[in-house]
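First the structure, in the form of structure tokens, and then the observations on it.
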Amino acid sequence: MKKTVLVSGGAGYIGSHVTVELVEAGYDVVIADNMSNCDDTCLRGVREITGRDLPFYRMDFCDAKAVEQLFSDVRIDAVIHFAAYKAVGESVAEPVKYYLNNLTSFLNVLDAARVHGCNVLFSSSATVYGEPDKLPVTEESPRQSATSPYGNTKQMCEDFLRDSVKAYPEKIRGIALRYFNPIGAHPSALIGELPRGVPNNLVPFITQTASGIRECLSIFGNDYPTPDGTCQRDYIDIVDLAKAHVCAVRRMLDGKMESGYEIFNIGTGRPVSVLELVNTFERVNGLKLNYRFAPRRAGDVTAIWADPSLAERKLGWKAGRSLDETLKSAWEWEKHIRGIK
Ligand code: WQD
């Protein structure tokens, strides 16, 4: 029998790419989203790529009754939880909004999983490592106290999942995937990232600068203790990232987990500086970007990249797409949504 995976936040950037990979891997997928931070562009894209009209529930995961109803109506074998607010800066300005939404929605998922029995995959973040003492970071590297309410919700939700697995081992198994910096778009250019307003993240800011929506990219800081003075991150291709979810779901559903709760870093293992990323974007797309150096951005860590070897050993997953391909896909997507030839 085909297994059914519920993707909360499935109309968003990561959720839509994961949905596509799950369908291609042969799973039945149910999408749920309250559409609070996206329009239906990615839903339409998913339909076009997969050729399938997937079941879609417009619902808010903070609504406990609606979540319970969904789990009663549909036999869900695994849930991947993306439905959350994700802007770091906004979370500092509006912590209550972030705590209410991101914690409540996940608690409702866990409560339904506890009642109905379900595997739970939580979308965590490398932000839980803070400014690491040692690089690259492994899953054993200590978590640092969060510097934003957003980061704090990631840590808290990891703990909610760990404790729930411990308390209800017959009902819940869980995996937390700690993403590094997801970038790029599907090769079809039919789904991708659609930030609202001024982008906070680097790659959407770059593509919007290239398309003329933004005048100039500010590179935040060129005096960091790194080879070229700009921050280093581990940029992970969105399709590679999506495939990691399929591997994790398979591991849960095939009973391959070695303990009830597991954590995996999802990154490439390769540090890339802001300047390198900008230069690569220019080179692969044959463009010149208008940029300037600006003061450091508050809260940025100097450098972080993953040791992804545990995911490779246990999930059989490894990042595959090159940075060149990923940055080409980011530009193809930007051109697609702006109607640029
Ligand atoms: C990357 C680098 C910036 C914008 C955040 C969250 C994380 C995750 C992903 C999301 C940094 C520099 C950026 C710009 C720049 N969460 N930069 N000019 O901060 O590593 O991670 O996003 O949902 O939890 O913390 O990603 O893309 O914002 O920044 O120079 O206009 O690019 O200083 O060095 P970050 P980012």
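Per-structure values
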quantity	calculated
Principal axis dimensions, largest first and in whole angstrom, of region 113-154 by Cα	41, 23, 12
Per principal axis, descending, Cα span of region 120-273 in whole Å	55, 39, 27
Highest average packing first - 111-120, 10-19, Cβ atoms within 10 Å	10-19, 111-120
Bridge type composition, the chain - antiparallel percent by DSSP, nearest 5	5 percent
Over region 76-211: Rg over Rh, Cα atoms, Kirkwood Rh	1.00
Within a Gaussian network of the chain (alpha carbon springs, distance under 10 Å), most fluctuating of Arg162, Arg250, Arg75	Arg75
Rounded to the nearest 20 debye, dipole of the chain from Cβ charges on Lys, Arg, Asp, Glu	300 debye
Kirkwood Rh, Cα atoms: Rg over Rh of region 175-218	1.04
Cα-based convex hull volume of the chain per residue, rounded to whole Å³	126 Å³
Cα-based Rg / Dmax (Å) for region 283-341	16.8, 43
Along the chain, longest interval not containing exposed GluC sites (Glu not before Pro), exposed being DSSP loop plus at most 12 other Cβ atoms within 10 Å	1-139
Sequence-distant lysines (8 or more away, or on other chains) whose Cα lies within less than 25 Å of Lys341	Lys288, Lys328
Cβ-derived FRET efficiency at R0 51 Å, Asp39 paired with Tyr168, nearest 0.05	0.85
Solvent-accessible area per residue, Å², over region 1-78 with all protein chains present [probe radius 1.4 Å]	44 Å²
Total formal charge among the other residues, if their Cβ is under 13 angstrom from that of Leu110, Lys/Arg +1 and Asp/Glu -1	0
Neighbourhood net charge (12 Å Cβ-Cβ; Lys/Arg +1, Asp/Glu -1) for Ser123	+2
Carbon/sulfur fraction of accessible area - the chain, other protein chains in place, 1.4 Å, %	49 percent
Kirkwood-Stokes translational diffusion coefficient of region 1-102, alpha-carbon pairs, 4 °C, 1.567 mPa s, µm²/s	91 µm²/s
Net dipole in debye of region 40-130 [+1 Lys, Arg Cβ; -1 Asp, Glu Cβ; about Cα centre; nearest 20]	120 debye
Normalised contact order of region 1-135, rounded percent, pairs of Cα under 8 Å and 6 or more residues apart	26 percent
Relative contact order (%) - the chain, alpha-carbon pairs under 8 angstrom, separation at least six	19 percent
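The values are calculated or read from the model by the stated rules, or taken from the named source; none is laboratory data. If you're wondering where the values come from, they're calculated on a predicted model, not measured in any experiment. Note: ideal-geometry Cβ built from the backbone for every residue, glycine included; neighbour counts use all protein chains shown. For the accessible areas, the whole protein counts, side chains as well, though only heavy atoms, and no ligand, DNA or RNA atoms are used. Shrake-Rupley method; radii C 1.70, N 1.55, O 1.52, S 1.80 Å.
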